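To keep things clear, I will list the structure first and then write my remarks on it.
The values are calculated or read from the model by the stated rules, or taken from the named source; none is laboratory data. A quick note: this is a predicted structure, and the numbers were derived from the prediction, not measured. Using ideal geometry, Cβ is built from the backbone for each residue, glycine included, and neighbour counts are taken over all protein chains shown.
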Amino acid sequence: MTNSIPEIENADCIFIIGSNTSVAHPLIAYRIYRAKEKGAKIIVADPRKIQVTMVADVHVRQKLGSDVALLNGMMNVIISKNLHDTSFIEERTEGFDKLEETLRNYPPERASEITGVSVEDIEKMAVMFASSDKSTILYAMGITQHSHGVDNVKSLANLSMLTGKIGKESCGVNPLRGQNNVQGACDMGGLPNVYPAYQTVIDENNRKKFEDVWNAQLSPKVGFTIMEMMHGLEDGSIKGMMVLGENPLGSDPDTRHVKHALQQAEFLAVIDIFLTDTAKIADVVFPGASFAEKDGTFSNTERNVLRIRKAIDPPGDARPDWQIICDISTRFGLPMSYESPKEIFDEIALVTPSYAGLSYERLESGGIPWPCPSRDHPGTPILHKERFTRGKGLFHALEYRPPEELADEEFPMLLTTGRFFPHYHTGTMTRNSPTLDNEMPEGHIEIHPYDARDLGLTSGEDIRIVSRRGEVITKAIVTDVVEPGTIFMSFHFMEANANELTNPALDPICKIPEYKVCAVRVEKISSPSETEFKAAANA
Amino acid sequence: MDLSYVRTTCPYCGCGCEFLLETFDGKITSTVPSKSNRMNQGKLCIKGWNVHEFVQSPKRLKKPLVKKDGVLQEVSWDEALDFTATRLQEIKTKDGGDSMAFLTSAKCSNEENYLFQKFCRVGFGTNNIDHCARL
């Protein structure tokens, strides 16, 4: 996030796009409700009638994957009504002329045609966002999980810069990250192209620095992303894989393909706290420790570095994951003799400029947001105040591109995916929590009453959903949360997982898969034996 | 009888709510939201309130497992570590470091992520490391 979470409640206008905030980030949704109470305008752009739409001043239901057209339409209105911030554009940005030229092709009438949102609503959103004093953007995977996810994010940055709503309190472009430490895993260089603190591996100076600190010879070549690793396992260029606390067999698109890929591995090692579906097919599984059983730090979505502290011992012979990595590395021939997570953190501060001023002593009194370059630096809750990381903010002139897979005769409906309130990701944690599991013990799809009528379905009935990649049988819940022609499903339930169906088409730049749109067919199950088969499979 | 409260950070979403784990004789008995944390201010969501349940699930892994004759079997730490170190060495020698791939974790700590990428980059001379940031 460019700004901190508490600032949200002082915004005058909150634009929520592609974030089911009350389900995925309940304590951020609470800030939205507080802001509403203080008089903020709330704009929600989401194809589903999610809970936060109940407090929305405007809710638009754009067609799946049409976000760039929607945002371009809003920006076209802002410029034609002269609501853009010319002095901010002049002083802080570049590339405005090109953007302006592209936006001419997106009058609200054309944007409306592409997105299915009315001209009136596009104008209303645009005026509301641009004319409020403090306008903030909140987004999540509804924006990123597309084959044009990078374009979507850049379009939001365009909107924020065009209106000068960045680098200021209660403004900014704020991705809400779905996992406790996805920010930290990126910060620590858990990516194929960067070392800790996003220092690129192809830069010779960076490489030399890390070769020196680590006393090692490092590769100048960008590595494989997850999906490329899976292809590598299939074509034989990858022979072995080590997985730390992840369940790619449940979380990656096109499960059937991922399983086939992992089975090709000559060696698969998994470190986890449960026997996940991925662990079940591993050659060796190490029992790790949960967050409650070890010391360490997590970096949250505001870039706040927070301590975790050991409360109890790990069960049985399980060990903290950091110790397991040290043990494996040492026996492999690369000795790692860290005494404690604190000692590891001190090395992190040494090589990670944005963490350089942080220490366990300082974090004792609470989280500190990076960048924190020195011991006397208070941390940085708001980014880009005086300048952007690259100097001037760059506008990107972007054209709308449709999703990779559209509905056709054979697969006439669209599937979109997300979370349900009591569950989380592949269910490894929440389905092992009796209270949460009781809230929703089995999966379902949401389908609109019109579609249910056409198919002759009643709510609660088992149905079959088929895509080009696979099929699942699950319960149908008839509801107008979704629009006609669209169904919604989660990936919490391994016995009926949306990822059997999802499309592994990737964004060309960041390689994110298109989880949010794929074409499917919904079939009524005629013979009772199929329902019995499902019951047996779940038993 | 040993009762204590340990302040820590929630492992679910990216909000970074803090709470106190109440422990009684080595078991977590409840979760109490932190009031002084400016993010959650004494509140938690349904997942946070029940966070101690999955930690103490009877299904937790308690021993290392190695696949023998197609079946995962409980083994000692020494056996699992030696087996792993040997297989990793074999792959590195035979096919080179670029034939290994590492998936690190958005659920694990910064310290663990740092060590894991260091093991990948230094131990194998490859940048084949990623995690489910995109998922």
**OP:** Output the number of residues of the range A:370-420 satisfying the condition of being outside any loop (DSSP other than H, G, I, E, B) and loosely packed, with under 15 Cβ neighbours inside 10 Å.
**Re:** 1
Original post:
What number of residues in the range A:295-327 are more than 27 Å from the chain's Cα centre (by Cα) and touching a residue at least 40 places away in the same chain (Cβ under 8 Å)?
Top reply: 2
Original post:
Given the range A:298-369, what helices (runs of 4 or more DSSP H) lie entirely inside it while holding 1 or more residues that are hydroxyl-bearing (S, T, Y), within 30 Å of B:E22 (Cβ to Cβ) and modelled with pLDDT of 95 or more?
Top reply: A:360-363
Original post:
Just wondering, is there one or more residues in the range A:33-40 that are touching a strand residue (DSSP E or B) at 6+ places or on another chain (Cβ under 9 Å), away from every other protein chain (no Cβ under 14 Å), in a helix (DSSP H, G or I) and not aliphatic (A, V, I, L, M)?
Top reply: yes
Original post:
Would it be correct to say that B:S34 is surrounded by 18 or more Cβ atoms within 10 Å (Cβ to Cβ) and more than 8 Å from chain A (Cβ to nearest Cβ)?
Top reply: yes
Original post:
Taking the range B:24-48 as the region of interest, how many residues are touching a Cys at 6+ places or on another chain (Cβ under 8 Å) and closer than 17 Å to A:A311 by Cβ?
Top reply: 5
Subject >> The lone exception for A:P508 - which of (1) surrounded by fewer than 18 Cβ atoms within 10 Å (Cβ to Cβ); (2) over 30 Å from A:F224 (Cβ atoms) it fails >> reply: (2)
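For B:G14, indicate whether it is outside any helix (DSSP H, G or I), closer than 24 Å to A:T430 by Cβ, more than 7 Å from chain A (Cβ to nearest Cβ) and without any contact (Cβ under 8 Å) to a residue 12 or more places away in the chain. Give the derivation first.
Values: outside any helix (DSSP H, G or I): yes; closer than 24 Å to A:T430 by Cβ: yes; more than 7 Å from chain A (Cβ to nearest Cβ): no; without any contact (Cβ under 8 Å) to a residue 12 or more places away in the chain: yes.
Against the criterion (outside any helix (DSSP H, G or I), closer than 24 Å to A:T430 by Cβ, more than 7 Å from chain A (Cβ to nearest Cβ) and without any contact (Cβ under 8 Å) to a residue 12 or more places away in the chain), B:G14 does not qualify.
So which of A:M440, A:M429 is over 30 Å from A:F96 (Cβ atoms) and either surrounded by fewer than 20 Cβ atoms within 10 Å (Cβ to Cβ) or away from every other protein chain (no Cβ under 12 Å) (or both)? Even if it seems obvious, please write down each step before you answer.
Working: A:M429 fails: either surrounded by fewer than 20 Cβ atoms within 10 Å (Cβ to Cβ) or away from every other protein chain (no Cβ under 12 Å) (or both).
Being over 30 Å from A:F96 (Cβ atoms) and either surrounded by fewer than 20 Cβ atoms within 10 Å (Cβ to Cβ) or away from every other protein chain (no Cβ under 12 Å) (or both) holds for just one of A:M440, A:M429, which is A:M440.
Limited to the range B:57-79, what total is found for residues that are out of contact with any Gly (no Cβ under 8 Å at 6 or more places or on another chain), facing chain A (nearest Cβ under 8 Å) and within 24 Å of A:M429 (Cβ to Cβ)? Explain how you work it out, then say what you get.
So in the range B:57-79, the residues out of contact with any Gly (no Cβ under 8 Å at 6 or more places or on another chain) come out as B:57-59, B:64-79.
Okay, now just the ones that are also facing chain A (nearest Cβ under 8 Å), so B:57, B:59, B:64-67, B:72, B:77.
Now drop any that are not within 24 Å of A:M429 (Cβ to Cβ), which leaves B:57, B:59, B:64-65, B:72.
Result for the range B:57-79: 5.
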**OP:** Check off (1) within 21 Å of B:Q117 (Cβ to Cβ); (2) surrounded by 23 or more Cβ atoms within 10 Å (Cβ to Cβ); (3) of a type in the set (D, E, K, R) for A:D254 and give me the number that stays unchecked.
**Re:** (1)
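Mind checking which residues of the range B:96-135 are more than 7 Å from chain A (Cβ to nearest Cβ) and either surrounded by 24 or more Cβ atoms within 10 Å (Cβ to Cβ) or not in a loop (DSSP other than H, G, I, E, B) (or both)? Reasoning before the result, please.
As a first pass, look at the range B:96-135 and keep what is more than 7 Å from chain A (Cβ to nearest Cβ): B:96-98, B:120, B:124.
Once the filter is applied, which keeps residues that are more than 7 Å from chain A (Cβ to nearest Cβ) and either surrounded by 24 or more Cβ atoms within 10 Å (Cβ to Cβ) or not in a loop (DSSP other than H, G, I, E, B) (or both), the range B:96-135 yields B:G97, B:D98, B:C120, B:F124.
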